Amino acid sequence: QPEAARAEYAAVLAGDPGNQDARYGLFYAQVEAEDFSAAYATVDAILAAQPPWRGFQEDPTKYPNPDYTPAALTAAQARFFGDQLAEAWRRMAPLVAGAPANPDVRLAGAGLAGARGWPHLAAAETEIAANLAPQRLSARIALAELDMAQFRFAAAEKRIAEMLAIWPENRAVQRLARDLDAQRRFVLEVEVKPGNSDGGGVNA
């Protein structure tokens, strides 16, 4: 119920404009409602409020802002959600280059690379992300999806079985198990279309 969620988040922000959780919640509700113009405006405002560097009074040193990368990553993913793949990659590439040890950035880059039709880059980014965070569920799911995309069904089955043993109620893991089951089944493809042909003989 994204519209109901939008109203609730808007009510929270009306009383507490600086509530970051509510601002991100509003963004995702707008995405779910497929109101991408509003979603872009919301996430760009979040990003604009998070400079890459922070300073402190009477301290000339600049310190990295830990809230900048998540905001920039979400802004890039917003364009991915809106099917603006080129713009999404324009925003994503500097993040991958600037935060090479961030598994969230690597996984997001892998998904975007796959959507852009770059399977080798997607596979490489997935492997890197999984090595950076081997116990993270999102990395394990990405590896299983990579196995299925490369038709390594036995490896995918092993990974999914391990995840089901740890997270049996997780919907993403359950969906992955169903996807694997579907990919290992037989597929019947039938094409039906109108035709116009002439026979021979007196009935031509």
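The values are calculated or read from the model by the stated rules, or taken from the named source; none is laboratory data. Predicted model only: the values in this text are computed from it and were never measured. Note that each Cβ is placed from the backbone with ideal geometry, even for glycine, and that neighbours are counted across all protein chains shown. With ligands, DNA and RNA removed, areas are computed over all heavy atoms of the protein, side chains included. Shrake-Rupley method; radii C 1.70, N 1.55, O 1.52, S 1.80 Å.
Contact order normalised by length for segment 91-204, with contacts defined as Cα pairs under 8 Å and 6 or more residues apart; what percent is it?
Across segment 91-204, relative contact order equals 14 percent.
Given the -39500 (n - 2.57) contribution per DSSP H run of 4+ residues, what per-residue ellipticity at 222 nm results for the chain, rounded to the nearest 500 deg cm²/dmol?
Helices in the chain give a 222 nm mean residue ellipticity of -21000 deg cm²/dmol.
Expressed in nm², what is the orientationally averaged projection area of the convex hull enclosing the Cα positions of the chain?
19.2
Averaged per residue, what accessible area in Å² does the chain show with a 1.4 Å probe, protein chains only?
64
Please list 125, 87 from largest to smallest accessible area, probe radius 1.4 Å, with all protein chains kept in place.
87, 125
Place a +1 charge on the Cβ of each Lys and Arg in the chain and a -1 charge on the Cβ of each Asp and Glu, then give the dipole magnitude about the Cα centre in debye, rounded to the nearest 20.
Value, rounded to 20: 520 debye.
Using a 1.4 angstrom probe on heavy atoms only, work out the carbon and sulfur share of the accessible area of segment 22-86 in %. Walk me through the intermediate numbers first.
Values: 1950 of 3600 Å².
Result for segment 22-86: 54 percent of the exposed heavy-atom area is carbon or sulfur.
If the only charges are +1 at each Lys and Arg Cβ and -1 at each Asp and Glu Cβ, what is the size of the charge dipole of segment 59-102 around the Cα centre, to the nearest 20 debye?
So the dipole magnitude of segment 59-102 works out to roughly 100 debye.
Could you sort 96, 190 by their accessible area in this structure, using a 1.4 Å probe and putting the largest first?
Order by accessible area, largest first: 190, 96.
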